[in-house]
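Every read-out reported here was derived from the displayed coordinates using simple, explicitly stated rules and does not represent laboratory data. All figures in this text were calculated on a predicted structure; none of them were measured in a lab. In this analysis, Cβ positions are derived from the backbone assuming ideal geometry, glycine residues included, and neighbour counts consider all displayed protein chains.
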Amino acid sequence: MGTTTDSGGNTATLGHYGSNLLIGIELFDILTIGNTIETRIVDQLSEADEEKDNFRGTYLSYYSPTIGLNAMLRILIEYKLDGQYQFFNENEQGSRIELRKPTGFRVEAGYPTDFGDWGLYYEELEFTRQLVDGEERDIFEGQPLNHYGISVRFPLFF
């Protein structure tokens, strides 16, 4: 679940479904350092109309330095440095919009079991650039994307 606010100040409720891959090293069985690559589909749960923007789309984050602490709970902190969020629908002018250059963080706490790490997460992002009809420009007020939910991770250690 998550929320974002359009240029008219309307808040949209969003559902996020995706997967991520943490590539890193584990030090002393307690500390993980790496990078997370993530992809997700964003579905809008609230109504969209002429006055409320439609935020359905796909999100890809490929540069998120990550640090984790492995104890009774596995705690991960990611800092988002790059990525893109492409909307499925066109705007009123018939243009496709893609948001770029997110900054923000994701915090996750999971309990390790034999069937993966089950936990909760919170993420707060703000996009600072947008691509419209092939032209990239700044978003002066930023476009927020905040969400929280349940996470399931399946760690693979080599």
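So if each residue of separation counts as 0.36 nm, and I subtract the Cα-Cα distance between F154 and F105, what length gain in nm does that give?
Details: separation 49, 0.36 × 49 = 17.64 nm, distance 2.10 nm.
Contour length minus Cα-Cα distance gives 15.5 nm.
Ratio of Rg to Rh for the chain, alpha carbon only, Kirkwood?
My calculation puts Rg/Rh at 1.02.
With an 8 Å Cα cut-off and a minimum separation of 6 or more residues, compute the relative contact order for the chain in percent.
18
I want the local charge near E38. Using Cβ-Cβ distances under 10 Å, sum +1 for each Lys or Arg and -1 for each Asp or Glu among the other residues.
+1
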